1. Criterion first (among the small types (Gly, Ala, Ser) and within 25 Å of GLU173 (Cα to Cα)) does GLY114 satisfy it?
2. Taking the conditions exactly as written (within 22 Å of ARG35 (Cα to Cα), assigned to a helix (DSSP H, G or I) and modelled with pLDDT of 90 or more), does ARG87 satisfy them or not?
3. Within segment 90-109, how many residues are surrounded by 13 or more Cβ atoms within 10 Å (Cβ to Cβ) and out of contact with any strand residue (DSSP E or B) (no Cβ under 6 Å at 6 or more places or on another chain)?
4. Only one of these conditions is not met by GLU174: (1) at pLDDT below 90; (2) outside the structural domain of ALA62 (by TED's automatic domain parsing). Which number is it?
5. Any residue in segment 20-38 that is over 17 Å from LEU139 (Cβ atoms) sitting within a Cβ distance under 9 Å of a residue that is in a helix (DSSP H, G or I)? List the pairs, counting only those 6 or more apart or interchain.
6. Let me confirm something: among ILE61, ILE94, which residue is modelled with pLDDT under 85 and assigned by TED's automatic domain parsing to the domain that holds LYS169?
Amino acid sequence: MIFIFSFGTNGDNMSDGPDPMELPMKMAHVSRLMRLHRAEKAGGGMDPMAGQGRLLAFLKIAGEAPSTDIAAILGIRQQSLNQSLVRLEEDGYIVREQAEDDRRRIIVKLTEKGRDAEPPKSQIAKVFEVLSEHEQEQLSSILDKLIDALSEDLGLPEDPYEQMEAIRKRMGEERFRRAMAFRDQGRM
């Protein structure tokens, strides 16, 4: 038996609806292209939307912050964050200290070298200039729906608002606002 799969939308396929694999394949392809674009445009430097560059850019905007809050705001696993923090610390960009009020919490602070480092520039945001403002808003809304559905399916915290409010109290209103603005730049 031979199966023929069509991923096009030319109307020649035999199903009544869209191919269920077309959108996931396109999303995976866009994701790969965005990673390649970031790597190419970083030119050996730090990418402000990935890894150490993202953390350095975040700390330049938010100032010091507990590592658990950084992980929650940026949506990365604590283990992945710790690996990047070790590298930044070894390179002299940050220091990690125990919080005075709770010795279990680790506060991440920029060193003088970290404060003086040129903030990495993002090239990926330019990719979205091919979309009109209205199309960007539509895409953002669609991505928010997908993020919400995936978060729910993965059983992520039921009330992320409460988690963010606790972080807001620890960071202070202004630093939290700047941190969230930075995080939202990566969601374009």
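The values are calculated or read from the model by the stated rules, or taken from the named source; none is laboratory data. Computed from a prediction, not measured in an experiment: that's the story for all the values here. With ideal geometry, Cβ positions are generated from the backbone for all residues, glycine too; neighbour counts draw on all protein chains shown.
1. Values: among the small types (Gly, Ala, Ser): yes; within 25 Å of GLU173 (Cα to Cα): yes.
In short, yes.
2. Numbers: within 22 Å of ARG35 (Cα to Cα): yes; assigned to a helix (DSSP H, G or I): yes; modelled with pLDDT of 90 or more: yes.
The answer is yes for ARG87.
3. Total satisfying the criteria: 2.
4. Checking GLU174 against (1) at pLDDT below 90; (2) outside the structural domain of ALA62 (by TED's automatic domain parsing), the one that fails is (2).
5. Matching pairs, first to second residue: ARG38/ILE124.
6. Details: ILE94 fails: modelled with pLDDT under 85.
It is ILE61.
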